[in-house]
Amino acid sequence: MAADTSRSVTEAAAGETTLAGRGRGRTTAQSGRTTARRALATHWYAWAMVAPVVLVLGVIVGWPLVRGVYLSLTNASERNVARTIGVRHIEATYEFVGLDNYAAVLGDPVFWQRLVWTVVWTVACVSITFALGLTLATILNRQFRGRSAYRMALILPWAVPGFVSVFAWRFLFNRDNGILNKILDGGGVSAVPWLDDPTWAKVAVIAVNVWLGVPFMMVALLGGLQSIPAELYEAAEMDGAGPWQRFRHITLPGLRAVSMTVVLLSTIWTFNMFPVIFLLTRGGPGDSTEILVTQAFRQAFVASPRDFAGSATWGVLILGLLMIFALVYRRSLRKQGEVW
């Protein structure tokens, strides 16, 4: 009898524990739903304003991204996609091939050649753009006559459409009639094959991209400089700190947050800078200035037959590389104590 009583007490306690757990689970779920309803009721206007943007981004960015990932797992090309010829409609016949495209691209020396030049191009452009932008921002942060006019003149390249700027530079780089070679010829220097020599073509595309990117970098860093309290410079100067010491210990730390953001954005933009390469050199001479994104474009729209699966594979790999870079960059910032 005692054993039965103890068993009954144990079973009752276990039952109560189970019911209590279920009760807590239901209470937590109900609390979560109540919080969600309260947030929706309180901020419904904000959600209503955000919803169209989310929908548009989903259509413009989300669907092409999903479609691109799907095509990269097939053998889709100009020969086997759905198409209409006259009144006749031909159904798609491409098949799912898994990761074969990725294995083919990663095993192709062309991919690694393009990747190396893309990294060199990105590092060179971002480094030079940051250095020039910081220099100009530091100069324009001082008081001098005509400062507003200089600011407007330096921002002008940013206001001009990119393709217009590139075509203007293409005219300047013309070997026979370009202004640059005319100036060199007047100084007794032979004409430079700016766009006809692989090395000079790389210098040319870097120069044009830097010219286009300096205004953004300058404006962003100038805003960061103006947010640094002037009292810090005054105190440092009273303590006997020289210009370089003030720049190193006040300016650079004060610009750290802005610099990290603009460097990340500039890296992503430069890595995918299609217009400068395509409009200025079309990847030439030969394929010396071809970067990853122009190679993907060439496979999808220039090659015959057009390789949609291969182009999508290049695009997904580009996205993956940039995501890895962003994650590593963010982790390094966190290690330095920056919240981002």
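The values are calculated or read from the model by the stated rules, or taken from the named source; none is laboratory data. Being a predicted model, the structure only gives us computed values, none of them experimental. All Cβ positions, glycine included, derive from the backbone under ideal geometry; neighbour counts span all protein chains shown. Note: accessible area is taken over every heavy atom of the protein model, side chains too, but ligands, DNA and RNA are not part of it. Shrake-Rupley method; radii C 1.70, N 1.55, O 1.52, S 1.80 Å.
For this structure, a couple of remarks:
- Rg/Rh for segment 108-159 (Cα atoms only, Rh after Kirkwood) is 1.27.
- In the elastic network of the chain, a GNM with C-alpha springs shorter than 10 Å, the most mobile of Gly146, Gly286, Gly223 is Gly146.
- Element breakdown for the chain at a 1.4 angstrom probe: carbon and sulfur atoms account for 66% of the accessible area.
- If you take the Cα centroid of segment 199-229 and the Cα centroid of segment 54-109, the two points sit 37 Å apart.
- In percent, rounded to a whole number, the relative contact order of the chain is 23, using alpha-carbon pairs under 8 Å and six or more apart.
- Remark: the Cα gyration tensor places segment 267-336 in the oblate category, a/c being 1.5 or greater and a/b not exceeding b/c.
- The label point for Arg88 and the one for Asn141, both projected 7 Å from the Cα toward the Cβ, are 6.9 nm apart.
- Most mobile of Arg114, Arg147, Arg306 in a GNM of the chain (Cα contacts under 10 Å): Arg147
- Added length on full extension, which subtracts the Cα-Cα distance from 0.36 nm per residue, Thr199 to Trp158: 12.1 nm
- Between the residues Tyr102, Met152, Thr118, the greatest Cα displacement towards the positive end of the dipole of segment 89-162, with unit charges on the Cβ of Lys, Arg, Asp and Glu, is found for Met152.
- For segment 162-210: relative contact order, % (alpha-carbon pairs under 8 angstrom, 6 or more apart): 25 percent
- Excluding ligands, DNA and RNA, the accessible surface per residue across the chain is 63 Å² with a 1.4 Å probe.
- Protection proxy ranking of 48-57, 226-235, 194-203 - average other beta-carbon atoms within 10 Å, highest first: 194-203, 226-235, 48-57
- Across q = 0.09, 0.11, 0.12, 0.14 Å⁻¹, the chain modelled as identical point scatterers on its alpha-carbon atoms has Debye log10 I(q)/I(0) values of -0.76, -1.00, -1.10, -1.27, in the order of the q list.
- Within the full protein context, the accessible area of Trp44 is estimated at about 150 Å² for a probe radius of 1.4 Å.
- Sorting Val208, Val119, Val328 by solvent-accessible area of protein heavy atoms yields Val328, Val119, Val208, largest first, with a 1.4 Å probe.
- Cβ-Cβ FRET estimate between Met49 and Ala235, R0 fixed at 41 Å, reported to 0.05: 0.35
- Summarising the label geometry, the points placed 7 Å from Cα in the beta-carbon direction at Thr34 and Arg175 lie 7.9 nm from one another.
- Virtual paramagnetic centre 7 Å along Cα→Cβ of Gln245, amide N under 19 Å, in segment 198-235: 230-235
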